[in-house]
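The values are calculated or read from the model by the stated rules, or taken from the named source; none is laboratory data. Owing to the predicted nature of the structure, the values given are computational and were not obtained by experimental measurement. Here Cβ is always computed from backbone atoms with ideal geometry, including for glycine, and neighbour counts include all displayed protein chains.
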Amino acid sequence: MNEIESTLARMSRRQAIKTAVGGLGSMALGSLLAKETTASTPYHHRPTARRVIYLFQSGGPSQLDLFDYKPALKKFHGKDIFEYVQQKGRLTGFTDDHKIHPIINTQYSFKQHGESGSWASELLPHMSRIVDDVCTIRSVSTTPVNHDPAMTFMQTGHGLPGRPSIGSWLSYGLGTMNRNLPDFVVLVSSGDLGNMQPLNGRLWGNGFLPGRHQGVRFRSGSDPVLYLNDPSGKTLREQRQMLDVINELNEQELKRSGNPEVDTRIDQYEMAFRMQTSIPEMSDLSDEPESTFKLYGEDAREPGTYAFNCLMARRLAERDVRYIQLYHSGWDHHFDLPDHLPKRCKETDQASAALILDLKQRGLLDDTIVVWGGEFGRTAFSQNGKVAASYGRDHHANCFTKIVAGGGFKAGLNYGETDEFSYQAIRDEVTVHDLHATILHQLGIDHERLTYLFQGRRYRLTDVHGHVVRELVG
């Protein structure tokens with residue numbers, strides 16, 4: 001007789017019933033508490049950061065024209081790059097059949113800035129001023145070389161659709177910090193930005209995680225969340241009574257079917273009810289002083305602009321939203337880079353720097369990680385195999401630059417090094433999995449332990465790869 005059987009044999013019928021009822025009560029309480037916290041142990045170690053703001057520049061900004069200064073481009077301008085480097089990885093269909101791949105010098109001047117001596121292009125006057133507040137990683141590498149799989153890989157840790165995005169993993173692993181707003185909010189710049197890549201909703205999807213962990217996209221304008229306002233004119237009390245009836249029906253269906261999506265539906269109804277008061281207050285900029293718009297730029301007054309979304313990101317961070325994802329398209333410069341790149345920089349430079357400065361002056365940067373960058377970089381050689389003033393650059397996965405600020409990342413650090421053509425990392429390469437592992441580490445998560453059992457296998461954001469780059473944090 002084992003220990004459990006021995007204990008049960010010594011119990012009276014009354015004691016057994018009392019123990020069983022008490023156990024069921026504890027399980028019910030635990031289930032209720034789980035909805036307000038998380039599906040797993042919140043922290044594996046003491047966290048440095050509490051939230052993330054990811055400024056995703058969709059299309060692949062050219063590191064060669066913005067951050068990674070390479071004098072060799074001028075020296076070897078017009079020469080075939082593969083006379084000087086060994087080809088690594090595959091080329092895209094745009095350039096793989098060209099006879100030569102001529103090196104193209106940047107048209108923009110570079111200077112060193114701050115005590116850190118970080119190089120930055122003339123196209124980024126505002127970001128140049130805060131180089132001592134950010135960590136510049138010039139040796140990031142990825143695997144896919146085309147946009148959709150590369151964006152999917154950067155957001156989910158895998159090149160194929162179906163995996164949860166990083167924001168969903170954090171919602172699942174750490175739970176909510178604010179019951180009146182979603183854990184994971186997405187803001188997309190509106191307007192015709194040119195060179196735009198499609199942004200699929202699965203980039204902020206929950207994958208195989210429960211549906212309540214999916215990102216919620218806020219739209220531009222006075223109504224950020226569609227259908228949130230009740231057009232019937234009912235009072236909040238009447239809406240609450242109606243919602244209670246709907247929830248009761250859903251609870252009955254949940255007991256009948258056991259379908260977890262019904263539980264998600266209940267959570268969504270409750271969140272929508274709470275957001276009826278929290279969203280209008282969050283999106284009302286009337287309490288922002290003029291100094292805010294001087295810092296972010298006048299575009300911050302216009303809903304849908306990148307500057308407006310950066311300001312919204314700060315307001316969401318103040319209200320303890322766990323993960324805030326911004327998307328700004330138009331960085332895919334295969335042709336006419338000198339025409340398009342300055343426009344993208346003008347749209348984003350001031351607001352990106354302003355967000356970091358604003359968080360810093362409010363005491364939020366210490367526990368907020370801000371990431372700036374795209375899905376890959378651009379090549380040192382010409383897109384069309386010709387040397388021209390109106391040049392373009394192809395996709396480049398071997399090495400590119402990411403900017404990370406706050407949350408314990410080392411301010412003023414220049415990490416990693418690429419070869420003289422920014423063709424590949426030659427020192428301290430940081431893979432996408434490494435970057436994800438390090439971000440999770442700062443949030444108190446061991447990337448190897450945050451897992452979810454699906455179809456008989458335990459999955460994680462970093463798949464079976466990645467390590468924490470401890471030199472980036474401290």
Checklist entry - Restricting the search to the stretch 381-407, which residues are in contact with a His (Cβ under 8 Å, 6 or more places away or on another chain) and of a type in the set (A, V, I, L, M)? => result V387
Checklist outcome for this item: L209: passes all of (1) modelled with pLDDT of 80 or more; (2) surrounded by fewer than 19 Cβ atoms within 10 Å (Cβ to Cβ) but (2)
Checklist entry - In the stretch 156-202, how many are in contact with a strand residue (DSSP E or B) (Cβ under 8 Å, 6 or more places away or on another chain), among the aliphatic types (A, V, I, L, M) and outside any loop (DSSP other than H, G, I, E, B)? => result 6
Checklist outcome for this item: Of (1) modelled with pLDDT of 85 or more; (2) farther than 30 Å from H158 by Cα; (3) of a type in the set (S, T, N, Q), N259 satisfies every one except (2)
Checklist outcome for this item: The correct count of residues that are surrounded by 23 or more Cβ atoms within 10 Å (Cβ to Cβ) and of a type in the set (D, E, K, R) in the stretch 359-374 is 0
Checklist outcome for this item: How many residues of the stretch 315-324 are in contact with a helix residue (DSSP H, G or I) (Cβ under 6 Å, 6 or more places away or on another chain) and surrounded by 24 or more Cβ atoms within 10 Å (Cβ to Cβ)? The answer is 3
Item to check | In the stretch 355-393, the residues that are modelled with pLDDT under 95 and outside any loop (DSSP other than H, G, I, E, B) | outcome: S382
Checklist entry - Of all residues in the stretch 427-460, how many are crowded, with 18+ Cβ neighbours inside 10 Å and not in a loop (DSSP other than H, G, I, E, B)? => result 15
Item to check | Checklist (1) buried (at least 24 other Cβ atoms within 10 Å of the Cβ); (2) within 14 Å of the chain's Cα centre (by Cα); (3) in a helix (DSSP H, G or I) applied to T152, failing item | outcome: (1)
Item to check | Residue ID - farthest from the chain's Cα centre (by Cα), chosen from residues in the stretch 262-315 that are within 17 Å of Q350 (Cβ to Cβ) and basic (K, R) | outcome: K294
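For every residue, the table says whether it meets (1) of a type outside the set (D, E, K, R); (2) over 32 Å from the mean Cα position of the chain (by Cα).
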residue: H44; (1), (2): yes, no
residue: R50; (1), (2): no, no
residue: Y54; (1), (2): yes, no
residue: P61; (1), (2): yes, no
residue: F67; (1), (2): yes, no
residue: I81; (1), (2): yes, yes
Checklist entry - Consider H334 against the criteria (1) under 30 Å from S390 (Cα atoms); (2) within 24 Å of the chain's Cα centre (by Cα): it satisfies all of them except one. Which criterion is unmet? => result (2)
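Answer yes or no as to whether D223 is of a type in the set (D, E), surrounded by fewer than 18 Cβ atoms within 10 Å (Cβ to Cβ), out of contact with any Asp or Glu (no Cβ under 6 Å at 6 or more places or on another chain) and part of a loop (DSSP other than H, G, I, E, B).
yes
Hey, any hits in the stretch 405-426 for a residue that's out of contact with any strand residue (DSSP E or B) (no Cβ under 7 Å at 6 or more places or on another chain) and either under 30 Å from Y172 (Cα atoms) or in a strand (DSSP E or B) (or both)? Steps first, answer last, please.
In the first step, residues of the stretch 405-426 are kept if they are out of contact with any strand residue (DSSP E or B) (no Cβ under 7 Å at 6 or more places or on another chain); the result is 412, 420.
Still in the list and also either under 30 Å from Y172 (Cα atoms) or in a strand (DSSP E or B) (or both): none.
The answer is no, given that none of the residues of the stretch 405-426 is out of contact with any strand residue (DSSP E or B) (no Cβ under 7 Å at 6 or more places or on another chain) and either under 30 Å from Y172 (Cα atoms) or in a strand (DSSP E or B) (or both).
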Checklist entry - Would the stretch 293-308 turn up any residue that is surrounded by 18 or more Cβ atoms within 10 Å (Cβ to Cβ), hydroxyl-bearing (S, T, Y) and in a helix (DSSP H, G or I)? => result yes
Next on the checklist: Looking at the stretch 404-423, can you tell me whether even one residue there is over 29 Å from E115 (Cβ atoms), β-branched (V, I, T), surrounded by 18 or more Cβ atoms within 10 Å (Cβ to Cβ) and in contact (Cβ under 8 Å) with a residue 60 or more places away in the chain?
Outcome noted: no
Checklist outcome for this item: Per the filter on the stretch 461-470, residues surrounded by fewer than 18 Cβ atoms within 10 Å (Cβ to Cβ) and touching a residue at least 60 places away in the same chain (Cβ under 8 Å) are D463
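Residues in the stretch 80-95: is at least one assigned to a loop (DSSP other than H, G, I, E, B) and buried (at least 23 other Cβ atoms within 10 Å of the Cβ)? Outline the logic, then answer.
Our first condition is that a residue be assigned to a loop (DSSP other than H, G, I, E, B); within the stretch 80-95, this holds for 84-95.
Narrowing further to those that are buried (at least 23 other Cβ atoms within 10 Å of the Cβ): none.
Checking the stretch 80-95: not a single residue is assigned to a loop (DSSP other than H, G, I, E, B) and buried (at least 23 other Cβ atoms within 10 Å of the Cβ).
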